[in-house]
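Nothing in this text is a laboratory measurement; each read-out follows from the coordinates by a stated rule. Nothing here was measured: the structure is a model prediction, and the numbers come from that model. Cβ sites come from the backbone with ideal geometry, for glycine too, and all protein chains shown count toward neighbours.
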Amino acid sequence: MSERIKILIVDDIETNRSLIRQTLNALYDFDIVEASDGEEAVEQFETENPDLILMDIMMPGVDGCKATTLIKEKTGDDYTPIIFLTALNSDDSLVTALSSGGDDFVSKPYNIGILQSKINVHLKIRELTTQLNSKNNMLSRFNTRLIQEQELIEYFFENAIKQSFLDKKIVNYHMSSISVFNGDVMFVQRGPKGSIYVIVGDFTGHGLTAAMGTLPVAMIFFTMVEKGAAVGEIAREINKQLFKLLPYNMFLVASILELNSREEMLTVWTSGMPDGYIFNGGNQLTDTIYSQHMPLGIIDNNDFDSIVQVYHVEEGGKVYLCSDGVVEARNVSGEMFGEERYKDTLVDGGDHRFNKILDDLKLFVTDVEQSDDITLVELNCLKLPELPPPETKAISDALQWSISISLSATDMRKQNPISKLFDILNSLPSVYVYRDVLHILISEIYNNSLDHSILNLDSAIKSSSEDMSEYYKLRDEQIKNLENAFIDFNFSFLTKQDDAYLKIEVKDSGRGYQGKEQEFSAELFSGRGLDIIKNFCEEMSFSEDGSVFTVLYRL
Amino acid sequence: MGVHTNISDDKSTVTIFIEGDFNFSLLSDFKNSYNNNDVVTAKKIIIDLSGTLTIDSSALGMLLVLQRDMEKTGKAINVVNCNSLVRRIFAMTNLDRMFNVE
């Protein structure tokens, strides 16, 4: 209130008003405005906006009480104090007067000291009320903004995370978080070859700070599963990113699994989660999945261990996973639900064990407030119909391309000469899904070219372990002395009707392949490379002069 | 990445784990994993390929060499936990029976 304080004096008798005016001028440096009846008082209030009103009660027409009531109706949240100046001396009549909305009174004849104290107090209250209202408005605006931001974050999370494949025949789950944002993680998706990938995990803490971690995990999981990555690789990548992104005291305990129902095989990488359980089709517990590793986000990539465990899961069998919110839930007496009770309930529950756990948990906990996010997952091992390969629809639209890569003697001397070649091929989407097979094919072709065509090494040497080491030592020496050698690869992507192929042509600086299509028996330590190539490829051929070797691989 | 070995408590079984790509770059590590006293006393050798991504002909060669050496002392070799690609490679080179691939 940087403006001057303004007082409104209301009294029908001019000399009274004059007396008060002079008194106030002697005490304060305020602006004074006046009104001579109740009606004028209300008008003055509206036009002059006084900070305080001194109101006479007994006035003709609209009296002080009526005027007070009218004025108070207009003040709303603001505090404009009205002090009655009254000759009334009975308590009852004073109470009645004050009930019209007045805030205080001073009896005539006035004691100046008392008048001054009351004016000071009420002006102070007015100031405090103004500050309070201003702060409330600020908070209210802030809160609205916060709610809008929260809605935006929720929207963002929904889009990033809700890509899970949640067919009830395959995945049954229950998730309940203790706040809007869930610090537990559960994603499910089918891989390109039809297996089901699942990740169930739990970030340290809960609420938004924990949920922040779920975003990078979602992105990595869905991207890698789409490409058919191995469970260990997914674990490694998540660890790498979380190690980079999260503060030192935040981490993710998680189980990452791939269920291949066709091969009845479950591959698991797990750390820090309660034990998982595998049941067969006859409702018997066949395996327990124990945590093997350190949580994700703590260990540097070089020390990271991506070793997985492999289990057999029958068709019709089931796998159960939960976050520690389940086993650590407490009842009224502070007792935990516990691993034992969880396992026993699963074992005794038969076909309906999933619902039984949830019911038992609810009963156990009764009214105790949930203190951690809870996640429970049941996976069914069912043979699903084969998914069409993701690229089929795009085949006829796909562009044909070809890439040539030439390896020189310098390249051949490098530690892992064809890894850069793989990097290039792996970046091509139509090829990435087949990278494991292509990795083997191209290694065999490269080694074949280098060892037999260029270096003329006799593979028969590789027949005992000492000789094998000798062979590779000799190979290394010869590579060191290579000059003017080359291996040229040409990769082309072709489509024929509805099929796509990768054609690989290899030409090298060596003696070439003259009539080398020989059958090799299992006893020799050579030639298996050619077997592998022949088996994977639709066609394999040599050019007329033996200098170019071509294979055709169906994608 | 690489070769890890695990010996059972009663020393009768040695398990060799191969992680990553199984090829001739692992030759010396692989040799060291079975050229030692623990293997001499064991009766059974298990090659666990659960962490193996790919396998090439040089790795098959290494396994054959191992098998020939172990045959001399009457030890059995089992290859376990192959992914489907690795298993296919054993099958197409007719080595699956030789190594009792599971």
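Observations on the structure shown:
- A dipole drawn for the protein assembly as shown from +1 and -1 charges on Cβ atoms has a positive end, and of A:Q370, A:S261, A:V106 the residue lying farthest that way is A:S261.
- Here A:K420 and A:E538 are evaluated by their C-beta separation; at R0 = 45 Å the FRET efficiency comes out at 0.95.
- The 3J(HN,Hα) values that the Karplus relation (6.51, -1.76, 1.60; θ = phi - 60°) gives for segment A:55-62 are, in residue order, 10, 6, 8, 7, 9, x, x, 6 Hz. Gly and Pro appear as x.
- Sites B:D29 and A:K168, calculated FRET efficiency, Cβ-Cβ separation with R0 45 Å, nearest 0.05: 0.45
- All other residues whose Cβ lies under 12 angstrom from that of A:F491 are scored, Lys and Arg at +1 and Asp and Glu at -1, for a net of -1.
- The mean number of Cβ atoms from other chains found within 10 Å of a Cβ in peptide A:531-538 is 3, as a whole number.
- Long hydrophobic helices in chain A, taken as whole DSSP H segments with a C-alpha length of 30 Å or more on their own axis and mean Kyte-Doolittle hydropathy at least -1.0: A:112-161.
- For B:H4, net neighbour charge (Lys/Arg +1, Asp/Glu -1) across residues whose Cβ lies under 10 Å away: -4
- Extending 7 Å from the Cα toward the beta-carbon at both A:L358 and A:N484 defines two label points whose distance is 7.6 nm.
- Computed about the Cα centre, the dipole magnitude for chain B is approximately 340 debye when only Lys and Arg (+1) and Asp and Glu (-1) carry charge, each at its Cβ.
- Dipole axis of chain B (+1 Lys, Arg; -1 Asp, Glu on Cβ), positive-most option in B:I16, B:F90, B:T5: B:F90
- Rounded to the nearest 20 debye, the dipole magnitude of segment A:111-197 is 160 debye, with +1 charges on Lys and Arg beta carbons, -1 on Asp and Glu beta carbons, and the Cα centre as origin.
- Calculated mean residue ellipticity at 222 nm for chain B: -10500 deg cm²/dmol, from DSSP H runs with n ≥ 4 weighted as -39500 (n - 2.57), summed, divided by the residue count and rounded to 500.
- Using 0.36 nm per residue and subtracting the Cα-Cα separation, the extra length available between A:E477 and A:D344 on full extension is 41.5 nm.
- Cβ-Cβ distance of A:L152 and A:K124, R₀ of 35 Å, FRET efficiency by 1/(1 + (r/R0)^6): the value works out to about 0.25.
- Listed residue pairs exceeding 30 Å between alpha carbons, taken from A:K227/A:K480; A:K473/A:K507; A:K473/A:K503; A:K193/A:K503; A:K162/A:K244: A:K227/A:K480; A:K473/A:K503
- Between the alpha-carbon centres of segment A:106-182 and segment A:306-358 there is a gap of 41 Å.
- Under the span-like rule (Cα at least 27 Å along the axis, Kyte-Doolittle mean at least 0.5), DSSP H helices of chain B: none
- Here the extension length gained between A:L494 and A:E314 equals 60.8 nm, from 0.36 nm per residue of separation less the Cα-Cα distance.
- Inter-chain Cβ neighbour average for residues A:16-27, partner chain, 10 Å: 0
- For A:K414, a cut-off of 16 angstrom between C-alpha atoms picks up these aspartates and glutamates, skipping any fewer than 8 places away in its own chain: A:D423, A:D451, A:D476, A:E477, A:E483.
- Estimated 222 nm signal from helices in chain A, with DSSP H stretches of n ≥ 4 weighted -39500 (n - 2.57), rounded to 500: -12000 deg cm²/dmol
- Net charge in the neighbourhood of A:K135 (other residues with Cβ under 15 Å of its Cβ; Lys, Arg +1, Asp, Glu -1) is -2.
- For chain A, a simple Cβ point-charge model (Lys and Arg +1, Asp and Glu -1, everything else neutral) yields a dipole of about 1080 debye relative to the Cα centre.
- Over the C-alpha trace of segment A:136-183, radius of gyration and Dmax come out as 15.9, 52 angstrom.
- The modelled label-to-label distance between B:K72 and A:K227, using points 7 Å beyond Cα along the C-beta direction, is 4.4 nm.
- Taking θ as phi - 60° and the Karplus parameters 6.51, -1.76 and 1.60, the scalar couplings of segment A:301-316 work out to 4, 5, 9, 6, 10, 9, 5, 10, 10, 10, 10, 8, 10, 5, 5, x Hz in sequence order, x denoting glycine and proline.
- Each Cα pair of chain A feeds into the Kirkwood radius, which the Stokes-Einstein equation turns, at 37 °C and 0.692 mPa s, into a diffusion coefficient of 104 µm²/s.
- Pairwise centroid distance, computed over Cα atoms, of segment A:197-267 with segment B:1-69, Å: 30 Å
- Taking the charge dipole of the protein assembly as shown about its Cα centre, with +1 at Lys and Arg Cβ atoms and -1 at Asp and Glu Cβ atoms, the residue from A:A211, A:M468, A:F279 reaching farthest to the positive side is A:M468.
- Extension gain, A:I178-A:L245: 0.36 nm per intervening residue step, less the Cα-Cα distance, totals 21.7 nm.
- For the peptide A:439-448, the mean number of other protein chain Cβ atoms found within 10 angstrom of a residue's Cβ is 4.
- Relative contact order %, segment A:1-158, counting alpha carbon pairs below 8 Å whose residues are six or more apart: 19 percent
- Lysines whose Cα lies under 24 Å from that of B:K44, excluding same-chain neighbours fewer than 8 positions away: B:K11, B:K31, B:K72, B:K75
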